[in-house]
Amino acid sequence: AEEAAVRVQAETVRRLKQDKADPDEIAKEVAKLLEMKAQLEGDEGKHKFVLKTPKGTRDFGPKEMAIRERAFKAIISCFKRHGAEVIDTPVFELKETLTGKYGEDSKLIYDLKDQGGELLSLRYDLTVPFARYLAMNKITNIKRYHIAKVYRRDNPAMTRGRYREFYQCDFDIAGQFDPMIPDAECLKIVHEILSDLQLGDFVIKVNDRRILDGMFAVCGVPDSKFRTICSSVDKLDKVPWEEVRSEMVGEKGLSPEAADRIGEYVQLHGGLDLIDRLLQDPQLSQNKLAKEGLGDMKLLFEYLTLFGITGKISFDLSLARGLDYYTGVIFEAVLLQQENEHVEEPVSVGSVAGGGRYDGLVGMFDPKGRKVPCVGVSIGIERIFSILEQRLEAAEEKIRTTETQVLVASAQKKLLEERLKLISELWDAGIKAEMLYKKNPKLLNQLQYCEDTGIPLVAIVGEQELKDGVVKLRIVATREEVNVRRESLVEEIRIRTNQC
């Protein structure tokens, strides 16, 4: 009977997979099946579990981490260059903190089981926790960055850098300032980071929620449908207008006339010329929200011209960004597809950074509803990392996974004590040093280890060197060897590694 039950359960799992049912439902039934099998086999024959990471997650080995750290370094140095402080917040929040902040994306929030009387959820992004932090600590003015993991119950496309657990790199400016100055700085930061990482050609699309809302109003969209129509428009970078139109009309009940009027606007993109044209538009110019948004957009473009980056900026009326909390300027950086000489297929990863102004979010947490205007940007590090990884793989570039400056080696046997003394001196002086964990390693093996791992220098101790009070320093790349006085070794290593 128990075996028959296991067969029935296995058939259920197979059918669900065939029908492409909800992944969570399949996972639940698979867990049930494994449990039944374990009971059937008893303690002696415990079921063999599959060694794998959960769906939408991955391990990062030393090579991947070296590439990742290179990207983080560029991003953090940019954030610091712009005067940001760093903060951190818990990986989970009270469920009610996150509820109602993300619009249609709220279904992707990971809820945790009730633990100790609190309903908790894993954080979905770093912006809502930041707003909660500001309200809780009554902070009205801060420029901060935050790099941490966030969680989304998404259907992951891991080849394109989409995961269920991933890092976000956020920079935000909170406080009451003159219009568009902080907003322009956020766009400058995106431009600096993408240029520094050399990911290829990119464009930063900008729009304004007020322009969108004004456009929806003049096109005849009822107030109650603004947010849902907004999320349809946001799909325009992935699907053609015809599909978006049929979703608006067929699924969301918008009139065909209103949809067609929206279509005339959302297919426009340009720069200052387009802003001026829309300011003269007989309908939009009569709408207060749209007029405000267009006025600020003009000011923003003037500042971006002074920063010298308008060549990479496109005012794009199809940009909507699905999150509910945006109130003003919104932007998204997209990599332009390019043919790569090493890769037949162009690397297509979509958006690599996004953000905008959210002036009402902090007020949602403040007991008295006090608002703190905020604008921020989030760098899509996972997608950037996917590209860097593919590029380096294609170029067959050797990645160093350590920062070791020197290997302490011995030329003869019975010199372990001398190696230990020397390496300790180097460590105490702040030099990154290694040695092989053998009493009497062969010199050839020690030199080969340096070749394999990219260590640039070898400090060789031998009987003659000990008598003369020197260390033989070998430059791995050129095989040149020089005798260095023991007391000068640290300084010599520093000079040589700066040249390598």
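The values are calculated or read from the model by the stated rules, or taken from the named source; none is laboratory data. Since we're looking at a predicted model, the values are computed, not measured. All Cβ positions, even for glycine, are placed from backbone atoms using ideal geometry, and neighbour counts span all protein chains on display. Areas reflect the complete protein model, heavy atoms only, side chains present, ligands, DNA and RNA absent. Shrake-Rupley method; radii C 1.70, N 1.55, O 1.52, S 1.80 Å.
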In whole µm²/s, the translational diffusion coefficient that Stokes-Einstein assigns to segment 406-497, given a Kirkwood hydrodynamic radius over C-alpha pairs, 25 °C and 0.890 mPa s, equals 190
Taking only Cα atoms, what is the 0 to 90° angle, nearest 10, from helix 62-81's long axis to the longest principal axis of the chain? 60
Just to be sure I understand the model, the point goes 7 Å from the Cα along the line to the Cβ. What's the resulting His269 to Glu242 distance in nm? 2.1
Taking each pair of different alpha-carbon atoms in segment 214-290 once, compute 1/r for the pair, average those values, and report the inverse of that mean as the Kirkwood hydrodynamic radius in Å to one decimal. 13.0
Could you give the accessible area per residue of segment 348-500, probe 1.4 Å, as a whole number in Å²? 52
Short version: ³J(HN,Hα) in whole Hz for each residue of segment 352-367, in order, from phi by Karplus 6.51 cos²θ - 1.76 cosθ + 1.60 (θ = phi - 60°), x for Gly and Pro, what are they? 10, 6, x, x, x, 9, 9, 7, x, 5, 4, x, 5, 9, 6, x
Short to long, in 5 Å steps from zero, the percent of alpha-carbon pairs of segment 1-41 per bin is 6, 27, 31, 19, 12, 4
Once Ala38 and Arg58 are pulled to full extension, the length gained, defined as 0.36 nm per residue separation minus their Cα-Cα distance, is 4.5 nm
What is the calculated FRET efficiency for Glu397 to Glu69, with r their C-beta to C-beta distance and R₀ = 22 Å, to the nearest 0.05? 0.90
Helix axis angle, 288-307 relative to the chain longest principal axis, alpha carbon, degrees: 30
Can you list the residues of segment 239-264 with backbone N under 15 Å from a point 7 Å past the Cα of Ser224, pointing along Cα to Cβ? 252-255
Contour excess over end-to-end distance, with Cα ends at Arg14 and Glu481 and 0.36 nm allotted per residue: 161.5 nm
Read-out semi-axes √(5λ) of the Cα gyration tensor in Å, derived from the coordinates shown; its label in (1) 44, 29, 25; (2) 53, 28, 23; (3) 51, 34, 22: (3)
Give me the extension gain from Phe307 to Ser424: residue separation times 0.36 nm, minus the current Cα-Cα distance, reported in nm with one decimal. 37.1 nm
With each pseudo-label sitting 7 Å past Cα toward Cβ, what's the Ser488-Lys438 distance in nm, one decimal? 3.2
Once both label points are put 7 Å beyond Cα along the C-beta direction, the Val91-Gln448 separation in nm becomes 4.1
Counting only protein heavy atoms and using a 1.4 Å probe, what share of the accessible area of segment 81-164 belongs to carbon plus sulfur, as a whole percent? 50
In the structure displayed, which of Lys414/Lys442; Lys101/Lys138; Lys73/Lys398; Lys20/Lys101; Lys101/Lys149 lie more than 23 Å apart, Cα to Cα? Lys20/Lys101
Any chance you could give the angle, 0 to 90 degrees and rounded to 10, that helix 23-41 forms with the longest Cα principal axis of the chain? 50
